[in-house]
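All remarks here apply to the structure that follows.
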Amino acid sequence: MNNFFTPGARPSSRATIAEVAAAAGVSKASVSRYIGGDRRLLSDALAARIEAAVVALDFQPNQMARGLKRGRSRLIGMLVADMLNPYSTAVMHGVETACRQQGYSLLVCNTDQDAQQERQQLAALQSYSIEGLIVNTFGQHAADLQQLGKALPLVLLDRELPGVEADLVGLDNHEAIETGLNHLLEQGYRDLLLVSEPLDGTSSRQQRLAAFATRLAAQPGCRGSHSTQADQPLALQTDLAAFLAKPGPGPKAILTANGVATLATTLALQALGEPLFERLGLLALDDLDWFPLVGGGISALAQPTHALGVAAFERLQRRIEGDRSAPVRQTFAAELHIRRSTRART
């Protein structure tokens, strides 16, 4: 489990309320009022004495203890399927930033795409008295999440979960694929391959494949195929070799469904000895730091990961504060970044 606590760890020798009270010559109740937002109940002279003592002793109030006394933990939980995925890390940063700005701390649990870990991490999150949960996972235990959603606010990030009625924040997958395919077609590509990780019930992957198939089925003079072997290097190499060797209706291009698939595809092409982007194009969904460094640059459909994370927290905060309206779907558009990997073909 990875814990991100905004306030940070405090040394065990930190000053106490009693010490502040003694230094200021006031009662502990007066200090509690001062740090608890009830300063209006104190005279200006009393507040000034307490403030001077707080500064002199470098007093840091225990926000967790204060919150629990008021029935608030100020903790937000986040369940992530794969923390090694750059998308997850980037979105998590957006969530943490928004949490910190609003006085919350973020507790992150990584399921590592494992059903048993998911159940264990769900139990751990509940034991920490979280006020709400952001979920970006496969939902192997959708029934548990559905039950948990009755006890505290949930927001789904990127992936729908059957039976879980909650707000969803994510990419507009249909529009992203449409934007990508329009670019490839305008550049002259006619034989297209979609590479993704295994579908395994993940809604975003299924939506991207469905948009890809629907768009190309209605496009005269084009052919679309797909490979779900991004997690199997040798199998992916076999699929790519067959795609490159098979005669097609025109110039070939690969559309990768996320950053993980892009890395796997690039490595597979290198293993096959294929000169990158000399005779085929490549367009990636997600835009990672290393993309401009490969083969003159990999064109990408960038997800607004920071904005997604912030929106997920903001949606959750509304629910925590009492919003009981019907669940909403909040989607964002991808931004096309054109580089050499999709240069025009004739």
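Derivation of every value follows stated rules applied to the coordinates shown; laboratory data play no part. Not measured: the values here are computed from a predicted model. For neighbour counting, all protein chains shown are included, and Cβ atoms are generated from backbone atoms with ideal geometry for every residue, glycine included.
Taking amide H as placed 1.01 Å from N in the peptide plane, Leu168 has its amide H under 5 Å from the amide H of Leu156, Val328, Arg329, Gln330, each at least 5 places away in sequence or on another chain.
How do 232-242, 277-287, 175-185 rank on mean C-beta neighbours within 10 Å, highest first?
Working: 232-242: 16.4, 277-287: 22.2, 175-185: 20.5.
By packing density, highest mean first, the sequence is 277-287, 175-185, 232-242.
Dividing the C-alpha radius of gyration of the stretch 213-346 by 2.2 N^0.38 Å, with N its residue count, gives 1.30.
Charged neighbours of Arg279, selected by a Cβ distance under 10 Å, balance to 0 (K, R count +1; D, E count -1).
In plain terms, the chain from Ala241 to Ala45 could stretch by 62.6 nm, reckoned as 0.36 nm per residue minus the Cα-Cα distance.
Treating cross-link reach as a plain straight distance, find the aspartates and glutamates whose alpha-carbon is under 12 Å from the alpha-carbon of Lys150, omitting any fewer than eight places away in the same chain. Correct list for Lys150: Glu165.
Listing Glu118, Glu96 from fewest to most neighbouring C-beta atoms within 10 Å gives Glu96, Glu118. Ranked by the mean number of other Cβ atoms within 10 Å of their residues, highest first, the peptides 103-115, 213-225, 196-208 fall in the order 103-115, 196-208, 213-225. Rounded to the nearest 500, the 222 nm mean residue ellipticity of the chain from helices alone is -13000 deg cm²/dmol, with -39,500 (n - 2.57) taken per DSSP H run of at least 4 residues. The distance between label points at Ala52 and Arg324 comes to 5.1 nm (points 7 Å beyond Cα on the Cα→Cβ vector). Could you name the aspartates and glutamates in cross-link range of Lys246, using Cα to Cα under 19 Å and dropping any fewer than eight places away on the same chain? Output for Lys246: Asp191, Glu274, Glu278.
The angle separating the long axis of helix 44-57 from the principal Cα axis of greatest extent in the chain is about 60 degrees.
Placing a pseudo-label 7 Å from each Cα along the Cα-to-Cβ vector at Gln101 and Thr89 gives an inter-label distance of 2.3 nm.
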